[in-house]
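Reading through the structure tokens given below for one structure.
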Amino acid sequence: MKKIKVYIAGHNGMVGKSLHKFLLKKKIGKIITADRKILNLEDLNKVNKFIKKHKPNVVINCAGRVGGIFANNSYPTEFLNENILIQSNLINSAYLNKIEHFINLGSSCIYPKNSKQPIKEKYLLTGALEKTNEAYALAKIVGLKMCEFYNSQYNKSYLTLMPCNLYGPNDNFDLKNSHFLPALITKIINNDNNKNKSIEIWGTGKPKREVMHVDDLSSAIYFILRKKISEDKMLLNYIKDTSVINVGSGSELDITGFAKTICKILNNKNKLIFNPGYPDGTKRKILDNSHMRKLGWKPKIKINKGLLQTINWYKKNILKKNS
């Protein structure tokens with residue numbers, strides 16, 4: 001592991017920054033990165049030249065356009081086009097340059113809207129998608145299927161890890177474009193100094209969500225990478241069989257529960273007001289994490305500890321700068 005070269009695509013995003021930091025701590029070989037000014041991931045020719053020049057042993061795709069319900073509804077063509085191009089270019093370039101290890105990141109939102117719970121990998125494409133993030137979901141399915149097709153046609157072992165909702169430092173906390181958890185943190189912190197002023201929460205507050213700290217995902221990626229490089233038979237059989245493995249925390253709350261937990265951490269006693277004029281999205285979404293557990297991995301960061309760390313990061317890095 002100490003001699004390998006790992007290219008992290010999207011190292012400036014929440015997942016990429018966490019993974020970069022995690023791999024540095026593990027003293028893993030050489031880590032290759034490039035920001036948008038150096039490498040446009042939507043340009044196949046440039047991506048191919050970059051990978052050919054640097055010759056990484058591993059490519060990990062943490063790149064892509066992400067956002068919450070409002071952003072997905074507002075910019076579906078951008079979510080579709082950008083994510084398809086980034087995935088396609090990275091996967092194709094990895095193949096052309098004979099990269100042995102490719103780890104792609106999917107999202108639990110690509111499973112059917114009314115999927116059975118907990119969601120098994122085999123439930124993919126067994127039902128209609130949630131309309132509010134259909135474009136993003138379709139794009140991520142294309143990336144997942146590309147890995148599967150390269151595996152079957154060219155005998156590769158490319159893998160897509162399917163994480164549940166993520167949160168943590170370096171998340172997007174913009175109210176219009178963020179996911180639900182950073183949006184809740186932003187709203188409740190911004191409300192902190194307004195005594196007796198209610199806090200508006202989009203939707204009914206009833207949908208349930210499974211969340212995981214981004215550092216737990218980084219540990220899962222590292223765990224899988226070590227298994228891949230050591231040619232762990234159980235992992236290789238999973239990849240041959242499905243090429244997709246869920247990565248979840250196993251714990252869930254409804255939106256109301258998350259809002260109340262954040263309020264308790266901040267000692268904010270203002271009333272929560274729910275606005276059903278905004279869409280709820282999928283009613284429930286918890287992953288079956290049995291494959292990862294059988295392989296020997298499980299998450300370590302509890303929700304209260306993770307939220308407190310994220311809140312403190314927000315106060316230090318965003319609130320302080322804007323004040």
Legend entry - Tally of residues being within 19 Å of the chain's Cα centre (by Cα), β-branched (Val, Ile, Thr) and closer than 18 Å to Ile311 by Cα across the stretch 248-288: 1
Inset, instruction - Go through the stretch 276-291 and count every residue that is modelled with pLDDT of 95 or more and either farther than 24 Å from Pro207 by Cβ or among the polar types (S, T, N, Q) (or both). - result: 3
Legend entry - Residue count for the stretch 86-112, restricted to those that are over 18 Å from the mean Cα position of the chain (by Cα) and either among the charged types (D, E, K, R) or outside any helix (DSSP H, G or I) (or both): 5
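Consider Ile185 carefully, then state whether it is in contact with a strand residue (DSSP E or B) (Cβ under 9 Å, 6 or more places away or on another chain), modelled with pLDDT of 95 or more and part of a helix (DSSP H, G or I). Talk me through it step by step, then tell me what you get.
On the way: in contact with a strand residue (DSSP E or B) (Cβ under 9 Å, 6 or more places away or on another chain): yes; modelled with pLDDT of 95 or more: yes; part of a helix (DSSP H, G or I): yes.
Here the answer is yes, as Ile185 does meet what is asked.
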Inset, instruction - Tell me, yes or no, whether the stretch 140-153 has at least one residue that is out of contact with any helix residue (DSSP H, G or I) (no Cβ under 7 Å at 6 or more places or on another chain), surrounded by fewer than 18 Cβ atoms within 10 Å (Cβ to Cβ) and aromatic (Phe, Trp, Tyr). - result: yes
Inset, instruction - Enumerate the pairs (first residue in the stretch 267-290 and under 29 Å from Asn196 (Cα atoms); second residue anywhere and part of a loop (DSSP other than H, G, I, E, B) and among the charged types (D, E, K, R)) with beta-carbon separation below 7 Å, excluding pairs fewer than 6 apart on the same chain, so at least 6 apart or on different chains. - result: Asn268/Asp192; Asn270/Lys197; Asp280/Lys206
Legend entry - Subset tally (residues that are within 21 Å of the chain's Cα centre (by Cα) and surrounded by 15 or more Cβ atoms within 10 Å (Cβ to Cβ)) for the stretch 27-44: 7
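The values are calculated or read from the model by the stated rules, or taken from the named source; none is laboratory data. Since we're looking at a predicted model, the values are computed, not measured. Methodologically, a virtual Cβ is constructed for each residue, glycine included, from the backbone with ideal geometry; neighbour enumeration extends over all protein chains shown.
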